[in-house]
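One structure is given below, encoded as structure tokens.
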């Protein structure tokens, strides 16, 4: 009986794969990867194959979502197939769908976890992980057509005192992305047009670029401050903090450069 093993690659490069993940990859009969759900700044395919001890075939979004039966499941019915994905495997809904389809096809599946943005952002910022509410993805298209549901979701989180994590889309295949300043301008513009006050120029926000990279940049400040910051290359995430514990206040100030006046709130 074959199986399909989802193996997380982590956040930055091929070294983010755990030792367990490497061992699993080496034992696979076939090894596939998708690199479209998030950008990994320093991932090198040649190095990835060396770490995985196996040839790696990269699949496009269309191949994974529209034709997994022929490309993946046909091999997983009798052999062991590894599927390498950025971050932690089941964070992306496309991977959940692929796993469910494999189960319906009678293929056993397993998961080998790795670092994810959801846990990393708490670590680098000092914000407490259990105080995050619903998270959101701001698509590249937000610059032309902003989804109202994102703003309302952030507003609802703030009403509950919860932090809002926003993943800023990187269209890897289309070579497009939305930056932190662009995302903030979209949110602020919507707020002003709709006469909302959940997000203003004085709202505290955290921006992070290239988590785990040597040149990682994490900065907390007001919206009007961060729209002027150059965060460099993607991937990017943002957090709109909710009610802050005094330890979170100190962490944002000392670790993320938040304004000193935050300490006196």
Calculated [θ] (222 nm, deg cm²/dmol) that DSSP helices of n ≥ 4 give over the chain, each run adding -39,500 (n - 2.57): -9000 deg cm²/dmol
Three-way shape label, region 59-209, alpha-carbon gyration tensor, a/c 1.5: prolate
Label assignment, log10 I(q)/I(0) by the Debye sum over Cα atoms at q = 0.08, 0.11 Å⁻¹ derived from the structure, set (i) -0.28, -0.55; (ii) -0.57, -0.81; (iii) -0.36, -0.65: (iii)
Order of 28, 256 under a 10 Å beta carbon neighbour criterion, fewest first: 256, 28
GNM flexibility winner over the chain from 174, 161, 126 (Cα, springs under 10 Å): 174
Quarter of the Cα convex hull surface for region 123-265, i.e. its orientation-mean projected area (nm²): 8.4 nm²
Listed residues 236, 146, 83, most fluctuating in the chain (Gaussian network, C-alpha, under 10 Å): 146
Ascending count of other beta-carbon atoms within 10 Å, so fewest first, for 225, 66, 261: 261, 66, 225
Fluctuation leader among 79, 115, 87 - the chain, Gaussian network, Cα springs under 10 angstrom: 79
Helix 148-159 axis, angle to the chain major axis (alpha carbon atoms, nearest 10°): 60 degrees
14 Å tail of the calculated P(r), region 135-194, as % of Cα pairs: 55 percent
Relative contact order for the chain, counting Cα pairs under 8 Å that sit 6 or more residues apart, in percent: 20 percent
Relative compactness, region 3-112, computed as alpha-carbon Rg over 2.2 N^0.38 Å: 0.95
Alpha-carbon centroids, region 82-121 and region 200-265: separation in whole Å: 30 Å
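Every read-out reported here was derived from the displayed coordinates using simple, explicitly stated rules and does not represent laboratory data. Bear in mind that the values here come from a model prediction, so they are computed numbers and not experimental data. Glycine also receives a Cβ, built like all others from the backbone with ideal geometry; neighbour counts cover every protein chain displayed.
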